[in-house]
């Protein structure tokens, strides 16, 4: 395997409950999103004329990101982390 590919594979790993997981970069990105959204919501709420619809939208996005982070930290069950090979109607 080429060194840069091996390095990339290692960078994408995260240890969760003692097991190696492939979701390291995803976790970092989600944590960054949560920090950004939290800061943005606070700034918008302190504005003299806050846009409540936009704040609610950002709060919804924040809730979604927090759910994803919880899922990543819980270990991403193999059943839920892979798509089924065939879809049924």
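The values are calculated or read from the model by the stated rules, or taken from the named source; none is laboratory data. Quick caveat, the model's predicted, so the values are computed rather than measured. Note: ideal-geometry Cβ built from the backbone for every residue, glycine included; neighbour counts use all protein chains shown.
Structure summary
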read-out: Helices (runs of 4 or more DSSP H) wholly inside segment 16-89 containing at least 1 residues that are out of contact with any strand residue (DSSP E or B) (no Cβ under 6 Å at 6 or more places or on another chain) and modelled with pLDDT of 95 or more; value: 24-45, 52-73
read-out: Near pairs, Cβ below 9 angstrom, 6+ apart or cross-chain, from segment 65-84 (farther than 22 Å from residue 36 by Cα) to any residue that is loosely packed, with under 10 Cβ neighbours inside 10 Å and at pLDDT below 90; value: 74/17; 75/17; 75/19
